Structures are given as structure tokens and as C-alpha cells.
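Since the structure comes first, as C-alpha cells, the remarks are kept for the end.
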Amino acid sequence: TGQPKNALKVNFLAPLLGYTQLNWEHSIRPGRSFETTLGIIGLGKRQESASMSIYDGSTNTSTTYYRDAKGIFISGGYKFAKRPDYAVPGTRLTHVFQGFYAKPELSFGVYGHHQLRRNFNTNTLNNDRKTTVFSGLILNLGKQWVLGDLFLLDIYAGLGYAVDNVDSEKA
């Protein structure tokens, strides 16, 4: 009692991969919570698609191409705490958000990006804009700590299955 039942989390490593991720977690009861995620694709480090050097007989020019991905994804999952953490064994929980967990998660997203293709017949490059729609079902296993009722540290790994609309022969 008296502990916050909601937590807002930010994935601080996500911008290095080209997106921003915000999570909201709501405790239903000790050991059970629901978590939703909003991701903004393109709000982060600019992702390089390719770097090509072209020699035209007299000079060598280098051009860098970027994916320039822009989009959004959402996901939601239910956390099942495997074993709650206790302050002293047999007494009270340290925090409703703390402990080992398993979280099945469903994700959906869409983003547009540049796709670089070489036409070998004309020896030209096409930088077409494509739209990718994806979804996934993931099982995350992790451990979450709560520091001072204000800061959450969540370390997890996931394995799952994803589908998208990308034609593998043209990718």
C-alpha cells in the first residue's frame, strides 16, 4: 500500500538504433501488471543505408545514403512475476514492480523508408520510398528493479515471431 501503481519508462538505448520508445506500466496487483509501449521510428540516430564510391574516369566521388525511416509502433503485454522480491524473506514485497517476470507481448507498426536498389542494366541507383507494415508476438523474460520509488531499471531479452509485407525477392 502507498506505492505508485503506474510507471512511465524510457528506453534510453533506443535512440542509438534510430527510434524512441516510451513505456507505461500499470500494476494490477503484486506480481501482475500490464505494459503498453509507444515507439516513434526515426526519432533517434540517423541510420545509414549504404555508402558508395563511384569512379567516373577522373574523380572518385563518395555518396552516403540514409534510410530516413519515419513511422510508429505500439505494443502491449501482460507481466507475470515469477517470484516477487522480498525485503526480508517471509515479510513484505520491496515494490510491486520489482522482480523476475515473463511478458508475452503483441506489437504492430508501420514506417516509411528509402530503399536503395541498383539497376544493373543501366548501371544506375534508385532510392525509392517504401512502406513497411509489421507485427510480432514476443515472449520477454526479464528482471526489474525499483530504486527509491522513482527510477525503474528493467533488463530483458525476448524471443518471438514477426511478419511484415516486405517481398524477400526484392529486398
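None of the figures in this text is laboratory data; all of them are computed from the coordinates on show. These numbers were taken from a predicted model, which means no experiment stands behind them. Note: ideal-geometry Cβ built from the backbone for every residue, glycine included; neighbour counts use all protein chains shown.
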Residue of THR64, THR132, THR122 that the Gaussian network model of the chain assigns the largest fluctuation, springs spanning Cα pairs under 10 Å: THR122
Which label in [x] 9, 39, 40, 11, 0; [y] 9, 29, 26, 17, 11, 6, 2, 0; [z] 10, 32, 23, 18, 13, 3, 0 gives the computed P(r) over Cα pairs in 10 Å bins from 0, in percent: [y]
Residue pairs, from the table LYS70/LYS143; LYS9/LYS103; LYS9/LYS130; LYS70/LYS103; LYS45/LYS103; LYS9/LYS143, whose Cα atoms sit over 20 Å apart: LYS70/LYS143; LYS9/LYS130; LYS70/LYS103; LYS45/LYS103
Among LEU16, LEU150, LEU116: highest mean-square fluctuation, GNM of the chain, C-alpha pairs under 10 Å: LEU150
Relative frequency of Cα-Cα separations exceeding 20 Å in segment 94-171, percent: 58
Separation in nanometres of the label points that stand 7 Å from Cα toward Cβ, at LYS5 and TRP24: 1.5
Built amide H within the under 5 Å cut-off of LYS9, gap 5+: ASN23, TRP24, GLU25
